[in-house]
Every structure is written in structure tokens, then in C-alpha cells.
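Colleague: Have a look at this one.
The values are calculated or read from the model by the stated rules, or taken from the named source; none is laboratory data. Model, not experiment: these values are computed from the prediction. Cβ placement follows ideal geometry from the backbone for every residue including glycine, while neighbour counts extend to all protein chains displayed. Ligands, DNA and RNA are stripped out before the accessible areas are found, and what is left, the full protein with its side chains, is counted by its heavy atoms. Shrake-Rupley method; radii C 1.70, N 1.55, O 1.52, S 1.80 Å.
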Amino acid sequence: MRLTVIGCAGSFPGPDSPASCYLVEAEGFRLLLDLGNGALGALQRHAGLFEIDAICLSHLHGDHCLDMASYWVARTYSPDGPKPRIPVYGPAGTADRLAGAQGSSLAREMPPAFSFETLTPGTRRIGPFEITADHVNHPVETFAFRLEHGGRALAYSADTGESAALVRLARGADLLLCEASFVEAAGPGAGRAQPNPPDLHLTGRQAGQHAARAEVGELVLTHLVAWNDQAGVLAEAAGTFSGRLSLAASGRIFNLGGPGEDIQPTR
Ligand SMILES: [Zn+2]
């Protein structure tokens, strides 16, 4: 199982990364987790435009799904004819939301490019992956995922505030991609006008706590918001998680090999 970070910018594209998108590959099958704004461009550095086999959308905030509208255009109007339908797994209402993002007249036209499947908590097989989804703690319906293949497990937090479900999904995973959108509000004088709202996002410290509780092998912090000091976010997580730890970056690749092999960031 190979993970490529396509986009890891939180909430909006940053100068060095598109918004959320992760490519997961095994046995030649290519699965996308989220397709946020800007990600369709960077994706083409790592996979052919039409080489995607399935897409899972964690939730319908724009920074996790808006490039689906552009991808619909590409698959529908390719010069050599429409591309075969691929499955898109997402929360209830995904097809309508994406049609609205592109133009409401497309509501009935989207299905020829995508076959929409409504996500529910539980485990399903998508290509070679066994994928478990569960609700996490965000203002709209949001799913975190655990992907298993070849004896390895990858967990992805999506967007969430503190979440027991995330700890369960990530239990013992080789790698946890965990959002760290917030920095700790350190009280008066810390420079933050407002305390972090609850049930929305995690700080670096909280991401580390979730990784420690789940006893994951490696923590990669993602959904990194451009206005934050990322070194500070990383330092917060290092205070609560003692395992292997780093920041996601567009283009980083992690190989989750067979039993006994290490996960190797190759870039
Ligand atoms: Zn969100």
C-alpha cells in the first residue's frame, strides 16, 4: 500500500500545497481520499488523469471535494469520449452538492461520470482495500477512514474535533494521517483573538494525543493551515506523541510495505 500526499493544506489551498487529497495505491488500484480545491492539478504529477479507480469523500466542505466538479468536466469531455463511470463514496447528498458546485443543470448529468454510493459507518471492500468508515466530530456529516491491505493499516482523520471514534479507527495503525488545523490557545497575550471552537478541528497537541491513545506506528500531521506556524504545530504534537512524527507535504510518498518493513517517506 502506497500513500502519496497530493494536497495537505487545511481549509484553503496554501502556497505550497492544494487542499486535501491523498492517493492510495495497491495492486495497481488507485483510490483518492478527498479531492479538495487545487488537487486535480497536482494529482496529475502522480497519476494519469483517468487512472483513478475510486474516490472516497470524507465530507462536503469545499476544501475536501470541490475539484470533483472539475474532474467531472475532465471525465465527461475528454477528447476521445466520456470515460467509464467510477464509484464515488461520500456522505448523503454528495451528488447534489457536486452538481451545485459545477452548475445546477448538471444534477442529472453527473451520474454518467460517477456512480455515487452513500457512506455509512462500517467496513466495505473497495478494490483491494478493506475500508472502515466512521463518523467523526465536525459540523457537517464527516467520515474518517481506516484502510487495510497486505497486513498494513492506514488511518485518515478527515476533519474532526476530539473524537473517540478516530482513536478506535486508528488503533494500532502503521500510519495515522491526522489533521492539525489549530494551534493551542495559550491564554492572554498568546496572540489569538478567540479560543479554538470545540468540535471542529484538532490542535497539534490533540493530534498527538489521539495518535498516542491509538498506539499508531507513525503520525503524519496534515490539513495544515497556511496562517499557522507549522513548526509550532509539530512541536505541540511532539509533546504528546513520542513515536515517529512529521508534517505532511504535497508530493511526500509513504510505502507501507509487507510485514517487517518500515514505512519509508521517499521524498
Ligand atoms: Zn471540514
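Colleague: On the principal axes of its Cα set, how long, how wide and how thick is segment 46-87? Give whole Å, largest value first.
Modeller: Projected onto the principal axes, the Cα atoms of segment 46-87 cover 32, 20, 16 Å.
Colleague: In nm, give the distance between the simple-model label positions of Ala212 and Thr118, each being 7 Å from the Cα along the Cα-to-Cβ direction.
Modeller: Taking the simple label geometry, Ala212 and Thr118 are separated by 4.0 nm.
Colleague: Could you do me a favour and compute the accessible area per residue for segment 88-178, 1.4 Å probe, result in Å²?
Modeller: Ligands and nucleic acids excluded, the result is 38 Å² per residue.
Colleague: Let me ask something else about it. Write down the Kirkwood hydrodynamic radius of the chain, to one decimal in angstroms, obtained as one divided by the mean of 1/r over all alpha carbon pairs.
Modeller: For the chain, the Kirkwood estimate is 18.5 Å.
Colleague: Right, something else. Keeping the other protein chains in place, figure out the carbon and sulfur percent of the accessible area of the chain, with a 1.4 Å probe. List each step's numbers first, then the result.
Modeller: Working: 5430 of 10770 Å².
Roughly 50 percent of what the probe reaches on the chain is carbon or sulfur.
Colleague: Cα gyration tensor of segment 144-234, axes a ≥ b ≥ c as square roots of the eigenvalues: rounded (a/c below 1.5), prolate (a/b > b/c) or oblate?
Modeller: It is prolate, given that a/c is not under 1.5 and a/b is the larger ratio.
Colleague: Compute the Cα gyration tensor for segment 18-138, then decide on rounded, prolate or oblate, letting a ≥ b ≥ c be the square roots of its eigenvalues: rounded whenever a/c is under 1.5, prolate when a/b is larger than b/c in the other cases, and oblate in all that remain.
Modeller: Rounded, since a/c falls under 1.5.
Colleague: Of the beta bridges DSSP finds with both residues in the chain, what % are antiparallel, to the nearest 5?
Modeller: 55
Colleague: With a 10 Å cut-off between alpha carbons and a GNM built on the chain, which of Gly14, Gly48, Gly62 moves the most?
Modeller: Gly48
Colleague: In 10 Å bins starting at zero, report the fraction of Cα pairs in segment 29-98 per bin as a rounded %.
Modeller: For segment 29-98, the pair-distance distribution reads 20, 59, 21, 1.
Colleague: Along Cα→Cβ, 7 Å out, is where each label goes; now give me the distance between the ones at Ser78 and Phe50 in nm to one decimal.
Modeller: Taking the simple label geometry, Ser78 and Phe50 are separated by 0.3 nm.
Colleague: How much length is gained if the chain between Ser242 and Arg85 is pulled fully straight, taking 0.36 nm per residue apart and subtracting their Cα-Cα distance, in nm to one decimal?
Modeller: Details: separation 157, 0.36 × 157 = 56.52 nm, distance 4.38 nm.
Value of the extension gain: 52.1 nm.
Colleague: Further question: So if the hydrodynamic radius of segment 79-174 is defined as the Kirkwood radius over C-alpha pairs, what does Stokes-Einstein give as its diffusion coefficient at 25 °C and 0.890 mPa s, in µm² per second?
Modeller: D, rounded to a whole number, is 164 µm²/s.
Colleague: In a Gaussian network model over the chain where Cα atoms closer than 10 Å are linked, find which of Thr222, Thr118, Thr132 has the largest mean-square fluctuation.
Modeller: Thr118
Colleague: Related question: When the Karplus curve 6.51 cos²θ - 1.76 cosθ + 1.60 is applied with θ = phi - 60°, which whole-Hz ³J(HN,Hα) does each residue of segment 82-90 get, with x for Gly and Pro?
Modeller: Listing the rounded values in order: x, 8, x, 4, 10, x, 10, 9, x Hz.
Colleague: Given points 7 Å out from each Cα along the Cα-Cβ axis, report the Ala92 to Gln194 separation in nanometres with one decimal.
Modeller: Going from the Ala92 label point to the Gln194 one covers 2.9 nm.
Colleague: When a/c is below 1.5 the answer is rounded, else prolate if a/b is larger than b/c, else oblate, so apply that to segment 23-66 with a ≥ b ≥ c taken from the square roots of the Cα gyration tensor eigenvalues.
Modeller: oblate
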